[in-house]
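Inspection log for the structure reproduced underneath, given as structure tokens.
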Amino acid sequence: MLNILLVENELNNTLLENALKNNGVNTLKIQYSPQFLALAKESKPDVIIFNLDTPSEQLISDLHTLDQQLPLPVIMFSNDGSNDTINKVIKAEVSAFIVDGLSNDRVNSIIQVAIARFRQRQALKDALEEARSHLEDRKQIDRAKAILIKTQRFTEDEAYHTLRKLAMDRNITLGEMARNVIAMAELLK
């Protein structure tokens, strides 16, 4: 069962809340306020849904912060379909932005699409971070090999195999071993 944090302009608006209940989800309903980030972190929802006339600049800023600290699928129902608002919302990593489209029979599919889109985006982010990490390790390994070649008069192959053996002996990654060699070389300068 999904736990949803529902953020609305008016707490007496029950249309979306009723649609969510009909889909069998747990809903915590709040009004947007400066305490939004703290409440979102505390309640640990699976999805956050906004039902607003137009997102404020503060809300957009809070969404950027939330995406960095606690990435979650975010769905926003809004009456504001201006290009400026759409661009801001997309940059804030909102998973689904629906303009004038709130209806009971679509809510479940919108939630499912938003969750799938969020997971895909997170997978891409993770793959990008992994690629960056591998690239940084590769740079460190090349730098450590250069140090070994220069100081120990190793060939490139010997330097690589030495790094690899040292890493294996210490049960650490090749990148970590390379950083250790670089740190030691800096220390001995």
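Got at least one residue in the stretch 59-67 being assigned to a strand (DSSP E or B), more than 19 Å from Arg121 (Cα to Cα) and within 23 Å of the chain's Cα centre (by Cα)?
No, the stretch 59-67 contains no residue that is assigned to a strand (DSSP E or B), more than 19 Å from Arg121 (Cα to Cα) and within 23 Å of the chain's Cα centre (by Cα).
As an exercise: evaluate Glu136 against (1) among the acidic types (Asp, Glu); (2) at pLDDT below 95; (3) part of a helix (DSSP H, G or I) and give the number of the one condition it does not meet.
So Glu136 meets the others, but not (2).
Take Ala116 and decide whether it is among the aliphatic types (A, V, I, L, M) and loosely packed, with under 14 Cβ neighbours inside 10 Å.
Judged against the criteria, Ala116 is a match.
Name the residue, out of Asp169, Asp137, Asp126, that is loosely packed, with under 15 Cβ neighbours inside 10 Å and under 30 Å from the mean Cα position of the chain (by Cα). Break it down stepwise before answering.
Details: Asp169 fails: under 30 Å from the mean Cα position of the chain (by Cα); Asp137 fails: loosely packed, with under 15 Cβ neighbours inside 10 Å.
Answer to the check: Asp126.
Given Asn3, Asn51, Asn23, which one is surrounded by 13 or more Cβ atoms within 10 Å (Cβ to Cβ) and within 22 Å of Gln122 (Cα to Cα)?
Asn3
Would you check if Ala185 is in contact with a helix residue (DSSP H, G or I) (Cβ under 6 Å, 6 or more places away or on another chain), at pLDDT 95 or above, surrounded by 13 or more Cβ atoms within 10 Å (Cβ to Cβ) and not in a loop (DSSP other than H, G, I, E, B)?
In short, no.
State yes or no: is Asp142 open to solvent by less than 90 Å² (accessible area, probe 1.4 Å) and under 36 Å from the mean Cα position of the chain (by Cα)?
yes
Test Ile111 against the criterion of being open to solvent by less than 60 Å² (accessible area, probe 1.4 Å), farther than 30 Å from Asn51 by Cα and not charged (D, E, K, R), and give yes or no.
No: the conditions fail for Ile111.
Please name all residue pairs, on different chains or six or more residues apart, with Cβ atoms under 8 Å, provided the first residue is in the stretch 101-124 and is among the hydroxyl-bearing types (Ser, Thr, Tyr) and the second residue is in a helix (DSSP H, G or I).
Here the result reads Ser103/Ala19, each pair linking the stretch 101-124 to a residue that is in a helix (DSSP H, G or I).
The values are calculated or read from the model by the stated rules, or taken from the named source; none is laboratory data. From a predicted model like this one, the values you see are computed outputs, not experimental measurements. Every residue, glycine among them, receives a Cβ derived from its backbone with ideal geometry; neighbour counts consider all protein chains shown. Only protein heavy atoms, including side chains, enter the accessible area calculation; ligands, DNA and RNA are left aside. Shrake-Rupley method; radii C 1.70, N 1.55, O 1.52, S 1.80 Å.
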